[in-house]
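Chemist: My questions will all concern the structure given below.
Bear in mind these aren't lab numbers, they're just calculated from the coordinates by the rules spelled out. Since the structure is predicted, the reported quantities are computational estimates derived from the model, not experimental observations. Every residue, glycine as well, gets a Cβ built from its backbone with ideal geometry; the counts of neighbours run over all protein chains shown.
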Amino acid sequence: MDARTIIGELRDRKGLPDAAARWFAAGLASGEVTDAQAGAFAMAVLLNGLDAAERVALTCAMRDSGAVLGWSLPGPVIDKHSTGGIGDCTSLLLAPALAACGAYVPMISGRGLGHTGGTLDKLESIPGLRTDFDGAALHRLVAGTGCAIVGASADIAPADRRLYAIRDVTGTVESIDLITASILSKKLAAGLEALVLDVKVGSGAFMKSMEDARALARSLIDVANGAGCRTAALITDMDQPLALSAGNALEVIEVMETLTGFAVSQALWDVTVALGAEALVLAGLAGDAEEGAGAIEEALDSGRAAEVFGRMVRAQGGPSDFVERYPDRLPAAPVLHEVGAPRDGFVAAVDGEALGLAVVRLGGGRLRGGDRINPSVGLSGLMPVGEPVERGEPLARIHAGSQSDAERAGAAVLAAFRIAAEEPEEPALIHERIGPGEARP
């Protein structure tokens, strides 16, 4: 077997047998497969697609191209994955809440991609906190605190790391087959028993239409369950930011305010509870979604999730008093600039992608792979859809490194809001739940 034969079979629509998938994934990891061959493979998959069995085969082969973690813990090992959005910091709430409910959460997360924020970038705005741990250290962290949020180590799904970079420069990012294998190869390598997926849809998401979101959710669920991991998905709204902030340290502040009860961000709370309920049911820690939601809400309300978060921050190298002193421990931008509403009316729509790109251009994300992030910049006080506004009332506050940066961002932020005379319908936060073999509103 060789790369040329496998690519030719895919080109001629003869499929990707399990043995071929395993050979190609191993070749990606070892370097035996060249960049040109990897690009040709990705393009053949994009153009001709894979069937259900072939998606499972490719995902498992990429998972097995490196280390696969094993666990021996007194509770189920579970996780959550989001397909990316603006102001989506549910992971920082959900991981400690699940741990407070008796689960163990080795959350292998990513960095910002395009206009969307990254969980690792947000967490690393906490001074001293590390996210680079090997498998043995991850075991100790999860066993000791109940959860850890880390990046993928070099030995986790190395085939995906190689193919991901090549997809980015060969016009093959959009393939649902390759997206599925990329997401799940890393998640399944964490040795999960159950996984809940948050598939975003709307202006601030990669999937703009419900049709595309359903297709991705269905693919992820079918492959994960086919690989032996109990999985369900919620399709959630990203036609506006989920939180009232967008930017790394600013989102951590909103998370901490919610965890400590100082100022609960309701949309963030509601989506976190819904995802947590699904995860607890999948893991066998709740009999149904109502029981699961009650358990997550109690963990958040009681402060137990905040205590777990504090232990996790300390275990990963952050300040030992972070929960008590988070306003003093996080970096703050030197310039604050308000964007006022141009007229009276209601917030009728928000372009989430435009807001995400504004944060990136402030320095809160990456325009190129090697760019450094300024964790202090971003947006806060974002006015949600449906809110009445008066002329001059702030639609958002810009946190910037300089006045000129703030003014440039101001024009982009203002253009992202549409003000109408009539009050719009309140958008749904959760559009659908999709589990194995089902799809219902």
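Chemist: Once you wrap a convex hull around the alpha carbon atoms of the chain, what is its projected area averaged over all directions, in nm²? Mind showing how you got there, number by number?
Modeler: Working: hull surface 80.6 nm².
In nm², the orientation-averaged hull projection of the chain is 20.1.
Chemist: Taking the Cα atoms of the range 154-287, report the difference between the largest and smallest coordinate on each principal axis, in whole Å and largest first.
Modeler: Principal axes ranked by extent give 44, 37, 34 Å for the Cα atoms.
Chemist: Still on this structure, I have one more. Please provide three numbers in whole Å: the alpha-carbon extents of the range 390-441 along the principal axes, with the largest listed first.
Modeler: Sorted largest first, the three principal extents are 53, 31, 13 Å.
Chemist: Project the alpha carbons of the range 337-441 onto their principal axes and report the range along each, largest first, in whole Å.
Modeler: Answer, in whole Å and largest first: 49, 41, 17 Å.
Chemist: In addition: For the chain, give the share of DSSP beta bridges that are antiparallel, in percent and rounded to the nearest 5; count only bridges with both residues there.
Modeler: Working: 22 of 41 bridges.
If I count the DSSP bridges inside the chain, around 55 percent turn out antiparallel.
Chemist: Moving to a separate point now. If the range 45-133 were replaced by its equivalent ellipsoid, with semi-axes equal to the square roots of 5 times the Cα gyration tensor eigenvalues, what would those be, largest first, whole Å?
Modeler: Values: eigenvalues 141, 85, 35 Å².
Those come to 27, 21, 13 Å.
Chemist: Next up: Near residue 420, within a Cβ-to-Cβ distance under 12 Å, what is the net charge of the other residues, with Lys and Arg +1 and Asp and Glu -1? Walk me through the numbers on the way to the answer.
Modeler: Details: positive: 343, 418; negative: 344, 387, 422, 423, 425.
It works out to a net charge of -3.
Chemist: How many nm separate the modelled label positions at residue 137 and residue 2, each set 7 Å beyond the Cα in the direction of the Cβ?
Modeler: Going from the residue 137 label point to the residue 2 one covers 4.2 nm.
Chemist: Roughly how many debye, to the nearest 20, is the charge dipole of the range 250-404 about its Cα centre, given +1 on each Lys and Arg Cβ, -1 on each Asp and Glu Cβ, and no other charges?
Modeler: Magnitude of the dipole: close to 1000 debye.
Chemist: If the chain between residue 270 and residue 371 were fully stretched, how many nm would it gain, using 0.36 nm times the residue separation less the Cα-Cα distance?
Modeler: Details: separation 101, 0.36 × 101 = 36.36 nm, distance 3.36 nm.
In short, 33.0 nm is gained.
Chemist: Cα axis of helix 304-315 to longest principal axis of the chain: angle in degrees, 0 to 90, nearest 10?
Modeler: Between helix and principal axis, roughly 70 degrees.
Chemist: Report the net charge of residues surrounding residue 103, where surrounding means a beta-carbon distance below 11 angstrom and charges are Lys +1, Arg +1, Asp -1, Glu -1. Write out the running numbers ahead of the final one.
Modeler: Numbers: positive: 80; negative: 79, 193.
Here the charged neighbours net out to -1.
Chemist: Beta carbons within 10 angstrom, averaged per residue: use that to sort the peptides 1-8, 58-65, 407-414, highest first.
Modeler: Final packing ranking: 58-65, 407-414, 1-8.
Chemist: Relative to the present Cα-Cα distance, how much length would full extension add between residue 212 and residue 297 at 0.36 nm per residue of separation? Kindly include the intermediate steps, with their values, before the conclusion.
Modeler: Numbers: separation 85, 0.36 × 85 = 30.60 nm, distance 3.12 nm.
That pair, residue 212 and residue 297, stretches by 27.5 nm at full extension.
Chemist: Using only the alpha carbons, work out the radius of gyration and Dmax of the range 1-96 in angstrom.
Modeler: So, for the range 1-96, Rg and Dmax equal 17.2, 49 Å respectively.
Chemist: Expected output is a single nm value to one decimal: the length gained when fully extending between residue 418 and residue 168, i.e. 0.36 nm times separation in residues minus the C-alpha distance. What is it?
Modeler: Working: separation 250, 0.36 × 250 = 90.00 nm, distance 3.25 nm.
Stretched fully, the residue 418-residue 168 segment lengthens by 86.7 nm.
Chemist: Taking the Cα centre as origin and putting +1 on Lys and Arg beta-carbons and -1 on Asp and Glu beta-carbons, what dipole magnitude results for the range 1-65, to the nearest 20 debye? Write out the running numbers ahead of the final one.
Modeler: Values: 7 positive and 9 negative charges, 23 e Å.
Dipole magnitude for the range 1-65 comes out near 120 debye.
Chemist: With +1 assigned to the C-beta of every Lys and Arg and -1 to the C-beta of every Asp and Glu, and no other charges, what is the dipole magnitude of the chain about the Cα centre in debye, to the nearest 20?
Modeler: Details: 38 positive and 58 negative charges, 294 e Å.
Charge dipole, the chain, about its Cα centre: 1420 debye, nearest 20.
Chemist: Using Cα positions and a limit of under 22 Å, work out the lysines in reach of residue 187, with same-chain residues fewer than 8 apart set aside.
Modeler: Counting by Cα, and skipping residues close in sequence, residue 187 has these lysines nearby: 80, 122, 200.
Chemist: Regarding the range 238-369, what whole-number volume in Å³ per residue does the convex hull of its Cα atoms give? Could the numbers behind the result be given before it?
Modeler: Numbers: hull volume 22.9 nm³, N = 132.
Cα convex hull per residue, to the nearest whole number: 173 Å³.
Chemist: To the nearest Å, what is the center-to-center distance of the range 150-211 and the range 263-289, using C-alpha atoms only?
Modeler: 23 Å
Chemist: Provide the per-residue ³J(HN,Hα) series for the range 352-357, in order, calculated from phi with Karplus coefficients 6.51, -1.76, 1.60 and θ = phi - 60°, each as a whole number of Hz, with x at glycine and proline positions.
Modeler: Ordered by residue, 3J(HN,Hα) equals x, 5, 4, 5, x, 5 Hz.
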